[in-house]
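Engineer: If you scroll down you'll find the structure; I have some questions about it.
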Amino acid sequence: MLELKQITKIIGDKTILRNVSLSLRRGESLAVIGPNGAGKSTFFKCTVGLLQPTSGEIILDQEIIKKNSPLLKKKIGFLGHESFLYNTLSPVENLRFYGKLYKVKNIEEKSQRLLKEVGLHYFKDIPIRSFSRGMMQRLAIARVLLPEPELLFLDEPHTGLDQEAVKVLNSIIKEKQTDGTGILLISHDFEQVLNLCKRVVVLDKGKIVAETEVVDNMNLQTLKAWYEKAVTKG
Ligand SMILES: Nc1ncnc2c1ncn2[C@@H]1O[C@H](COP(=O)(O)OP(=O)(O)OP(=O)(O)O)[C@@H](O)[C@H]1O
Ligand SMILES: [Mg+2]
């Protein structure tokens, strides 16, 4: 359903992505791992239409995608390093705002359900400027889920979450996977990678340097060893 062909991104005189090609079948879960500064977030931003690649093609359900394409908005949910939330608004107001932007039906009902799911129900009417990092992240997750995207791009979604919230997020992700939602996950936490994804690619210095299926006998140790080999080699 999603195909990336030779994506290159140059900013200034810096090549951040070099000929990255990747395809994702419907309902597949893929993890993108790699060192800090490898280009993972830039890669996601190009794919979700927040940045225009310098060259290369993104094809979603047979359609070539350009920056800010309406198809992207409808089908893809992106959780990035920034929360895209408004500090002066409450969780309910933030979700209402995004719901309208994405033309979501039954906004109020869906918002209430999502806020309960991520454990923010008791704080739903308080302006979020006083929220902790984990609370912000919980709300950011609710925001991404609100339009019910077919593909979820999650850039380090576990960051700042407590154990309880990690469990909640993972069970939400797994539920989405059962419904056929495709997941692309960036994470430095290999335990979560193994837990949530069937395929892993390593991005290093803007290039995909290794790719593997997560096989049944793969564990934390074998994944780490494989990763370290890929990164030192690349
Ligand atoms: N707007 C920009 N202008 C210039 N350089 C940028 C810009 N955005 C990203 N970069 C550079 O591109 C490289 C890749 O950054 P990116 O944020 O994609 O890495 P990352 O793999 O997500 O790292 P991390 O694991 O730390 O989140 C970095 O060297 C960064 O400085
Ligand atoms: Mg990043």
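The values are calculated or read from the model by the stated rules, or taken from the named source; none is laboratory data. Not measured: the values here are computed from a predicted model. Positions of Cβ are backbone-derived with ideal geometry, glycine not excepted, and every protein chain shown enters the neighbour counts. Quick note on the areas: whole protein, heavy atoms, side chains included, nothing else; ligands and nucleic acids left out. Shrake-Rupley method; radii C 1.70, N 1.55, O 1.52, S 1.80 Å.
Engineer: If you average over every viewing direction, what projected area does the convex hull of the Cα atoms of region 125-190 give, in nm²? Spell out each step's value before the answer.
Structural biologist: On the way: hull surface 19.9 nm².
So the mean shadow area of the Cα hull is 5.0 nm².
Engineer: Using only the Cα atoms of region 134-234, what are the Rg and Dmax in Å?
Structural biologist: For region 134-234, the Cα radius of gyration and maximum Cα-Cα distance read 14.4, 41 Å.
Engineer: If I compute solvent accessible area with a 1.4 Å probe over the protein chains, what percent of it on the chain is carbon and sulfur? Could you put the intermediate results ahead of the total?
Structural biologist: Details: 5880 of 11950 Å².
Roughly 49 percent, rounded to a whole number.
Engineer: Picking from LEU22, LEU85, LEU30, which is most flexible by a Gaussian network model of the chain using Cα springs under 10 Å?
Structural biologist: In the Gaussian network model the winner is LEU22.
Engineer: On alpha-carbon atoms, Rg over Rh for region 76-118 using Kirkwood Rh?
Structural biologist: 0.95
Engineer: Accessible area per residue for the chain in Å², computed with a 1.4 Å probe and the full protein assembly in place, what is it?
Structural biologist: With all protein chains present, the chain gives 51 Å² per residue.
Engineer: Here is a further query. For LYS103, go through the lysines and keep the ones whose alpha-carbon is under 20 Å away, minus same-chain ones fewer than eight residues off.
Structural biologist: Output for LYS103: LYS67, LYS73, LYS74, LYS75.
Engineer: Calculated from DSSP H runs of 4 or more alone, at -39500 (n - 2.57) each and per residue, what is the 222 nm mean residue ellipticity of the chain, nearest 500? Don't skip to the answer; put the middle values down first.
Structural biologist: Values: 8 runs with 86 residues, N = 234.
Helices in the chain give a 222 nm mean residue ellipticity of -11000 deg cm²/dmol.
Engineer: In the structure shown, do any of LYS45/LYS205; LYS66/LYS174; LYS45/LYS66 have a Cα-Cα gap over 20 Å, and if so which?
Structural biologist: Beyond 20 Å: LYS66/LYS174.
Engineer: By accessible area of protein heavy atoms, probe 1.4 Å, what ranking do HIS121, HIS81 get, highest first? Please list the in-between numbers first.
Structural biologist: Numbers: HIS121 55, HIS81 110 Å².
Putting HIS121, HIS81 in descending order of accessible area: HIS81, HIS121.
Engineer: I'd like the chymotrypsin sites (Phe, Trp or Tyr not before Pro) in region 18-119 restricted to DSSP loop residues with at most 12 other Cβ atoms within 10 Å, sorted by number.
Structural biologist: PHE84
Engineer: With a cap of 15 neighbouring Cβ atoms within 10 Å, and only residues DSSP puts in a loop, list the trypsin sites (Lys or Arg not before Pro) found in region 79-173.
Structural biologist: Hits after loop and neighbour filter: LYS103, LYS105.
Engineer: Moving to a separate point now. Mind checking which aspartates and glutamates have their C-alpha under 15 Å from LYS9, skipping anything on the same chain fewer than 8 residues away?
Structural biologist: GLU57, ASP204
Engineer: Taking just the alpha carbons, could you work out the radius of gyration and Dmax for region 1-127, both in angstroms?
Structural biologist: Expressed in Å, the Cα Rg and Dmax of region 1-127 come to 17.2, 49.
Engineer: Here's another thing I want to ask about it. Go ahead and set up a Gaussian network model of the chain, Cα springs under 10 Å, then flag whichever of GLN163, GLN192, GLN52 fluctuates most.
Structural biologist: GLN163
Engineer: Going by the alpha-carbon gyration tensor, a ≥ b ≥ c the square roots of its eigenvalues, is region 45-108 rounded (a/c under 1.5) or, if a/c is not under 1.5, prolate (a/b greater than b/c) versus oblate?
Structural biologist: On the way: a/c = 3.64, a/b = 1.80, b/c = 2.02.
Oblate, since a/c reaches 1.5 and b/c is not below a/b.
Engineer: Work the Kirkwood hydrodynamic radius out for region 78-148: mean of 1/r over every pair of different alpha-carbon atoms, inverted, in Å.
Structural biologist: Over region 78-148, the inverse of the mean reciprocal pair distance is 11.7 Å.
Engineer: Highest GNM mean-square fluctuation, the chain, Cα pairs closer than 10 Å: which of LEU151, LEU185, LEU51?
Structural biologist: LEU51
Engineer: Follow-up. At each listed q (0.16 Å⁻¹), what is the log10 of I(q)/I(0) that the Debye formula gives for the chain modelled as equal alpha-carbon point scatterers?
Structural biologist: Log-scaled intensity ratios, in q order: -1.17.
Engineer: Sorted from largest to smallest, which semi-axis lengths in Å does the alpha carbon gyration tensor of region 1-66 give for its equivalent ellipsoid, taking the root of 5 times each eigenvalue?
Structural biologist: Working: eigenvalues 77, 44, 16 Å².
In descending order the semi-axes read 20, 15, 9 Å.
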